[in-house]
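To start, the structure itself, in structure tokens.
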Amino acid sequence: MVDPADYMELSLDLARRAVGRTSPNPAVGAVLVINGAIVGQGYTQPPGSWHAEVMALKEAGAKARGATLYVTLEPCCHHGRTPPCTEAIIAAGVKRVHIALLDPNPLVNGCGLRALEEAGIDTHVGEKREEAAALNEGFAKHITTGLPFVIAKFASSLDGKIATSTGDSKWITGEEARRRVHQVRDAVDAIMVGVNTILADDPQLTARPDAAPRERPERQPVRVIVDSRGRTPPAARALREPGKVLLAATSAIDPARAQALERAGVEVLVLPEREGMVDLAALLKALGQRDITSVLVEGGGNLLASLVEDGLVDKVMAFLAPVLIGGREALTPLEGRGAPTMSQALRLRRPQVEVLGEDVLISGYAGFCAVEQLNLTNLAKELQR
């Protein structure tokens, strides 16, 4: 007999195909099963198109009647760009629904579940809920706070250097680690760097995953350059790649520079300043208002330090290479003021370690964590009983 968790795992695999393609909607997977046979499956399509449940129902057709639906997120019960999925499930005659996770969206949270139960559908909640929560961290933070989920990423040597004293940084980590970075880029809505990174490295800032191609339209994450005075050259490579570029500046930007950048296809966003620099909290709020749910920050050291010091980072991904660089003048991942004492240093929560070829990825949470929020919600419900 097939374990129901296996069907939910398949639903999670389907949801992973949609990651990075559905914002501001969550990435969801769904599987329809009857008499042990899969009759329909699907995952969320780009905004404005069908949700995972409807895709599975369309594939199943009449075979959906009496079937069991496994879905990674609670079916929606409100009218958005598409009709409620609960109505489609009820109309199709689905007998039983297994839901990994209740939707954190206040418009749905528990409403979809009640609609199914009131229609006489047998419901089960909680299978692989932590995996489902981790899959949509950006959606969960954005829908509850209006802000994007911020990932700080850097690659360094064992002695904490991101380049030599001459500025050479290619390559600290190996191919497998760099491949992972591109996979992360492919999954987020935006990539952010400071202007010094543009001037020093002239990066492309594009996602170039070499995994098997997915059934999806071509897209690139928005490239966000934090550049208070507009020093980014209009000929920079990041401005010439496919996709949207947003430059965050202050009122100190020269109007002629702003116009030259706009002619190069850049959206120049003038934001409030803080200590002469772009107010990063205001920037994140502006990105959230543009339905950007996740941001990968790749440097440099001053930008990352400012985000950490202001408490704006949610997750850290540190790629460590087995190499020693040395040098007093060599750059480090975090510049800024730094913690004055060890007790004030930022210690990551829920740390994980992964070996990637010869390199090591250490990741952990500094701010919002969807799994922790899920557990706190469950605890609050238990205390209310």
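Examine region 204-221 for a residue that is over 27 Å from Ala27 (Cβ atoms) and outside any helix (DSSP H, G or I), and state whether such a residue exists. Steps first, please.
First, pick out the residues of region 204-221 that are over 27 Å from Ala27 (Cβ atoms): none.
Checked against the condition, which is being over 27 Å from Ala27 (Cβ atoms) and outside any helix (DSSP H, G or I), region 204-221 yields no hits at all.
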**Message:** For region 59-75, check the following and say yes or no: at least one residue is closer than 30 Å to Val295 by Cα, among the aliphatic types (A, V, I, L, M) and not in a loop (DSSP other than H, G, I, E, B).
**Reply:** yes
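Considering only residues that are open to solvent by 30 Å² or more (accessible area, probe 1.4 Å) and either under 19 Å from Ala15 (Cβ atoms) or in contact with a His (Cβ under 6 Å, 6 or more places away or on another chain) (or both), which ones fall in region 82-95?
Of region 82-95, the ones open to solvent by 30 Å² or more (accessible area, probe 1.4 Å) are 83, 87-88, 90-91, 95.
Passing the criteria: only Ala88.
For residues that are more than 14 Å from Ile191 (Cα to Cα) and without any contact (Cβ under 8 Å) to a residue 24 or more places away in the chain, tally how many sit in region 241-258.
Residues of region 241-258 more than 14 Å from Ile191 (Cα to Cα): 249-258.
Then drop every residue that is not without any contact (Cβ under 8 Å) to a residue 24 or more places away in the chain, which leaves 251, 255-256.
Number satisfying all stated conditions: 3.
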**Message:** Just to verify a result, which residue in region 94-122, among those that are in contact with a Gly (Cβ under 8 Å, 6 or more places away or on another chain) and charged (D, E, K, R), is modelled with the lowest pLDDT?
**Reply:** Asp103
**Asked** Can we say Gly326 is at pLDDT below 90 and more than 29 Å from Ile143 (Cα to Cα)?
**Response** no
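Report yes if Thr72 is over 30 Å from Leu324 (Cα atoms), open to solvent by 30 Å² or more (accessible area, probe 1.4 Å) and at pLDDT 95 or above, otherwise no.
Criteria not met by Thr72.
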**Request:** Please note which strands (runs of 3 or more DSSP E) are completely contained in region 294-365 and include at least 3 residues that are open to solvent by less than 30 Å² (accessible area, probe 1.4 Å).
**Result:** 294-297, 315-321, 359-365
**Asked** Counting only residues that are touching a His at 6+ places or on another chain (Cβ under 9 Å) and over 10 Å from Leu69 (Cα atoms), which one in region 27-42 is surrounded by the fewest Cβ atoms within 10 Å (Cβ to Cβ)?
**Response** Gly42
**Message:** Against the condition open to solvent by 60 Å² or more (accessible area, probe 1.4 Å), touching a residue at least 12 places away in the same chain (Cβ under 8 Å) and touching an Asp or Glu at 6+ places or on another chain (Cβ under 9 Å), how does Glu59 come out, does it pass?
**Reply:** no
**Prompt:** On the given criteria, is Ile198 open to solvent by less than 40 Å² (accessible area, probe 1.4 Å), part of a strand (DSSP E or B) and either of a type in the set (Val, Ile, Thr) or over 22 Å from Ala305 (Cα atoms) (or both)?
**Reply:** no
**Matching residues, region 302-324, being in contact with an Asp or Glu (Cβ under 6 Å, 6 or more places away or on another chain) and more than 19 Å from Ala177 (Cβ to Cβ)** = Asn302, Ala305
**Request:** Report, ordered by the first and then the second residue, all pairs with beta carbons closer than 9 Å, sequence separation of six or more or different chains, a first member in region 295-318 that is within 13 Å of Thr332 (Cβ to Cβ), and a second member that is assigned to a loop (DSSP other than H, G, I, E, B) and open to solvent by less than 10 Å² (accessible area, probe 1.4 Å).
**Result:** Leu304/Val313
**Prompt:** Gly160 passes all but one of (1) in a helix (DSSP H, G or I); (2) on the phi > 0 side of the Ramachandran plot; which number fails?
**Reply:** (1)
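Okay, residues lined up against (1) aliphatic (A, V, I, L, M); (2) farther than 18 Å from Leu374 by Cα; (3) open to solvent by 40 Å² or more (accessible area, probe 1.4 Å):
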| position | (1), (2), (3) |
| --- | --- |
| Val97 | yes, yes, no |
| Ala115 | yes, yes, no |
| Glu127 | no, no, yes |
| Asn136 | no, no, no |
| Ile151 | yes, yes, no |
| Asp159 | no, yes, yes |
| Asp168 | no, yes, yes |
| Glu175 | no, yes, yes |
| Arg178 | no, yes, yes |
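Considering region 185-201 alone, what residues qualify as being under 24 Å from the mean Cα position of the chain (by Cα) and free of Cβ contacts under 8 Å to residues at least 60 places away in the same chain?
At the first step, the residues of region 185-201 found to be under 24 Å from the mean Cα position of the chain (by Cα) are 185-195, 197-198.
Correct list: Val195, Ile198.
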**Message:** Need the failing condition index for Glu262 against (1) in contact (Cβ under 8 Å) with a residue 24 or more places away in the chain; (2) part of a helix (DSSP H, G or I); (3) open to solvent by 20 Å² or more (accessible area, probe 1.4 Å); (4) of a type outside the set (A, V, I, L, M), just the number.
**Reply:** (1)
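Can you pull out every residue in region 165-184 that is polar (S, T, N, Q) and under 25 Å from the mean Cα position of the chain (by Cα)? Write out each step before concluding.
First pass over region 165-184, keeping only residues polar (S, T, N, Q): 165-166, 169, 173, 183.
Within region 165-184, Thr173, Gln183 meet the criteria.
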**Request:** Pull up region 269-278, narrow it to residues that are at pLDDT 95 or above and surrounded by fewer than 19 Cβ atoms within 10 Å (Cβ to Cβ), then point me to the one that is nearest to Ser306 (Cα to Cα).
**Result:** Pro272
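Can you tell which of Leu247, Leu283 is within 20 Å of Ala200 (Cβ to Cβ) and touching a strand residue (DSSP E or B) at 6+ places or on another chain (Cβ under 7 Å)?
Numbers: Leu283 fails: within 20 Å of Ala200 (Cβ to Cβ).
Exactly one of Leu247, Leu283 is within 20 Å of Ala200 (Cβ to Cβ) and touching a strand residue (DSSP E or B) at 6+ places or on another chain (Cβ under 7 Å), namely Leu247.
The values are calculated or read from the model by the stated rules, or taken from the named source; none is laboratory data. Everything quoted here is computed from the prediction, not taken from an experiment. Because the Cβ atoms are built from the backbone with ideal geometry, glycine has one as well, and the counts that use them run over all protein chains shown. The protein model used for the area step is the full one, side chains on, heavy atoms only, and it has no ligands, DNA or RNA in it. Shrake-Rupley method; radii C 1.70, N 1.55, O 1.52, S 1.80 Å.
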